[in-house]
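Notes to accompany the following structure.
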Amino acid sequence: MTAQQRWDVFCRVVDHFGDVGVSWRLARQLAAEHPVKVRLWVDDLHTFHRIEAAVDPSVPVQAVGGVEVQRWDDLAEFSAPAEVVIEAFGSRVPAAYLDAMAAQPRAPVWINLEYLSAESWVEGCHGVASPHPTLPLVKHFFFPGFTAATGGLLRERHLESRRVAELAQRPARVGEVCTVSLFGYGGPAVGGLLGTWAHGNQPMLALVPESRLLADVASFLGRDALGPGDREQRGALTVLVLPFQDQDGYDRLLWRCDCNFVRGEDSFMRAQWARRPLVWNIYAQEGGAHWAKLHAFQTRYSETLDEETAAALREFWRLWNLSSPSPTALATGWHRFWACREALALHAERWAAALQAQTDLTTNLVTFARERL
Ligand code: TRH
């Protein structure tokens, strides 16, 4: 019997939850769906614990969900390097580990997993090899993306059937009330939008998992702070604060809402797989580089939308990403956007179905590694 191929995934938590969110999703999918043995090295187990309660921050080595989770600190001991080494988002492996990689009889496949972008340059950079200046090692740049010429998107094999089964068991609420989930980076736009909902005719239920945006919700409601279970009503708007969910629980929340406000990278993708209208709060980059990224996605996403819906989406997403949009513009933007809800809902189904026809990122990574081993 041949030994199982070993993979090491390295993740440094730069900020928020996306770095570990994506790394954890990748690691557990690798272990669950492919014949490989996975170690996941994470430098911040406290953040990891927030999205996966089974992770105990005080334990340096632990098995969770079929993955060997390793605390990556100065005390970490690196045994033999794996055959496939992934640096998530430029999380550089330690020099000693790199030397050990170079000393292997066969050099490991070394991959840097990049951030997701819908920009077209990604296709030209996906898979590019970069030899190490001094060691006999070659790093490959692996770009997630929305086309077949990129690395694809993270999607578990049974994700869609789990969604369908869950909704068959507990149908999403259909009726007068519009239910939204609210996750984002926060800022003045939050109060502006909640005000719009409170003063509108449409009954709204905003489900807000604990996150930094909660401070803006609290300030809109005139409260010092909010916590899980808190429920407040203002006019047509009801706000319900939820505890921070684990990743699977968060998926189920997205599946059941009429519209999901998401951010960053991972929640943004999960909202697409949820097949519901979404609003994306993009991660702001220095020099405003994120606007091109936002624009690239909007262009792809709107390609098959009618012009009115596409324009409403573009404008409302733009406003939601401004640091301080005018409340009047935000209100108009929301009303125009939500007037298109039927077209948006239909489109969300079709968009996800088309993406689902492509090979997922984890399978692409496994194939990429196999071809180089
Ligand atoms: O948290 P994010 O803003 O993360 C990132 C990183 O910060 C990264 O540095 C940045 O470059 C990148 O954004 C673009 O957003 P994201 O990617 O959506 O990650 C959030 C994770 O948290 C995701 O895996 C879903 C999860 N989550 C839960 O598990 N439960 C919850 O209740 C919520 C609200 C989120």
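The values are calculated or read from the model by the stated rules, or taken from the named source; none is laboratory data. This one's a predicted model, so the numbers in the text were calculated from it and none came from an experiment. Positions of Cβ are backbone-derived with ideal geometry, glycine not excepted, and every protein chain shown enters the neighbour counts. What goes into the accessible areas is simple: the full protein's heavy atoms, side chains included, and nothing from ligands, DNA or RNA. Shrake-Rupley method; radii C 1.70, N 1.55, O 1.52, S 1.80 Å.
The table below lists the values:
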{"item": "Between helix 341-356 and the chain: long-axis angle, C-alpha atoms, 0 to 90°, nearest 10", "result": "10"}
{"item": "Equivalent-ellipsoid semi-axes of the range 225-322, from the Cα gyration tensor, Å, largest first", "result": "26, 16, 15"}
{"item": "Residue-normalised accessible area of the range 109-189, expressed per residue, 1.4 Å probe, Å²", "result": "47"}
{"item": "Dipole of the chain [Lys/Arg +1, Asp/Glu -1 at C-beta], most positive-end residue of G152, W121, Q356", "result": "Q356"}
{"item": "Rg(Cα)/(2.2 N^0.38 Å) for the range 1-116, N = residue count", "result": "1.00"}
{"item": "Inverse mean reciprocal Cα-Cα distance (Kirkwood Rh) of the range 288-373, Å", "result": "15.1"}
{"item": "Unit charges at the beta carbon, dipole of the chain: most positive-side option, L221, G333, A54", "result": "G333"}
{"item": "Relative contact order (%) - criterion: Cα under 8 Å, at least six apart; region: the chain", "result": "14"}
{"item": "The range 99-218 pair-distance distribution - Cα-Cα, 5 Å bins, rounded %", "result": "2, 9, 11, 10, 10, 12, 14, 11, 8, 6, 5, 3, 1, 0"}
{"item": "Burial ranking of peptide ranges 239-248, 58-67, 126-135, 82-91 (average Cβ count within 10 Å, highest at the top)", "result": "82-91, 239-248, 58-67, 126-135"}
{"item": "Relative contact order of the range 209-292, pairs being alpha-carbon contacts under 8 Å that are 6 or more residues apart, as %", "result": "19"}
{"item": "In degrees, nearest ten, helix 289-302 long axis to first principal axis of the chain (Cα)", "result": "70"}
{"item": "Helix-only [θ]222 nm of the chain, DSSP H runs n ≥ 4, -39500 (n - 2.57) each, per residue, nearest 500", "result": "-12500 deg cm²/dmol"}
{"item": "Rg over Rh [alpha-carbon atoms, Kirkwood Rh] for the range 75-143", "result": "1.01"}
{"item": "0 to 90° range, to nearest 10: angle between helix 188-199 axis and the chain longest Cα axis", "result": "40"}
{"item": "Average accessible surface area per residue within the range 219-373, 1.4 Å rolling probe, Å²", "result": "44"}
{"item": "Cα centroid separation, the range 136-192 to the range 218-250 (Å)", "result": "21"}
{"item": "Pairwise FRET efficiency - R370 versus T304, Cβ, R0 = 41 Å, nearest 0.05", "result": "0.75"}
{"item": "Within the accessible area of the chain (1.4 Å probe), percent carbon and sulfur", "result": "53"}
{"item": "Evaluated over the chain, the Cα radius of gyration and Dmax, each in Å", "result": "21.6, 69"}
